[in-house]
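Notes follow the structure.
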Amino acid sequence: MTVADTKSLTVDVLDASGKKAGSADLPAEVFDVQTNIPLIHQVVVAQLAAARQGTHSTKTRGEVSGGGRKPHKQKGTGRARQGSTRAPQFAGGGIVHGPTPRDYSQRTPKKMKTAALRGALSDRARAGRVHVVSGFAPGAAPSTKTALEVLARLSGRKHVLVVVERQDEITWKSLRNVEQVHLLVADQLNTYDVLVSDDVVFTQGALDVFLAGPATGRSVKAVGTATEASQAEIEEDTK
């Protein structure tokens, strides 16, 4: 990877045979920004929390069926007084302070998610762990063997994140059953999956889709530029 200018980084685009097929520009506002570790931690915690079902539930003594009759008389037995066999100290009784269904999701602004993702990608890019390929299967049929050979030329590390286009069925079918490979479409790229992967591999088309952003709204590049501009204004006001 080389620095083309102050606005972008340049990486080689490799074809399925491992030969250079061109070059791709990685915008500096996406792939070369300062990594904010506390922000990344906050976003990842929120993402993992949102993935929790939150359906855990237990019954209290009032919700457990049965136990309406007093187990024995109040006095004269020599035993401790009891009012119900569904009290917490009995087997089959209710649970005290048990978990109840709840929503674990946290509100995370879009700008925070974007900044965290840019920081994670920048960390990988500065370490030379962002790669771009023109494709994984030269033919019209999926080939896991060929796709793994392409990955082996790019990286020998254990966990690889491969970002593809949504309609790229050949690459998806070629790599979907490979344990050390995690596949994502470009619009699903997130901070957590970047962090748990050693290398990030984009197909040429997926990189273009990622930088262009969704069909409606602003691209990740535009949001990143606006965020940096806002931060610069805040720093200027504090001087």
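The values are calculated or read from the model by the stated rules, or taken from the named source; none is laboratory data. The shown structure was predicted, so the numbers you read here are calculated from the model rather than taken from an experiment. All Cβ positions, even for glycine, are placed from backbone atoms using ideal geometry, and neighbour counts span all protein chains on display.
Here are the numbers:
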| quantity | calculated |
| --- | --- |
| Among the residues listed as 84, 17, 57, 8, the single one being without any contact (Cβ under 8 Å) to a residue 60 or more places away in the chain, surrounded by fewer than 13 Cβ atoms within 10 Å (Cβ to Cβ) and over 20 Å from the mean Cα position of the chain (by Cα) | 57 |
| Among (1) at pLDDT below 95; (2) of a type outside the set (Lys, Arg); (3) closer than 30 Å to residue 209 by Cα, the one test that residue 37 misses | (1) |
| Near pairs, Cβ below 6 angstrom, 6+ apart or cross-chain, from the range 128-146 (without any contact (Cβ under 8 Å) to a residue 40 or more places away in the chain) to any residue that is assigned to a loop (DSSP other than H, G, I, E, B) and not acidic (Asp, Glu) | 143/137 |
| Checklist (1) of a type outside the set (A, V, I, L, M); (2) at pLDDT 95 or above; (3) assigned to a helix (DSSP H, G or I) applied to residue 59, failing item | (3) |
| Selected residue (criterion: farthest from residue 127 (Cα to Cα)) from residues of the range 140-180 that are of a type in the set (D, E, K, R) and surrounded by 17 or more Cβ atoms within 10 Å (Cβ to Cβ) | 168 |
| Top-ranked residue in the range 181-199 [being closer than 19 Å to residue 152 by Cα and among the charged types (D, E, K, R); ranked as surrounded by the most Cβ atoms within 10 Å (Cβ to Cβ)] | 199 |
| Enumerated helices (runs of 4 or more DSSP H) restricted to the range 156-213, each holding at least 1 residues that are farther than 27 Å from residue 37 by Cα and touching a residue at least 40 places away in the same chain (Cβ under 8 Å) | 204-212 |
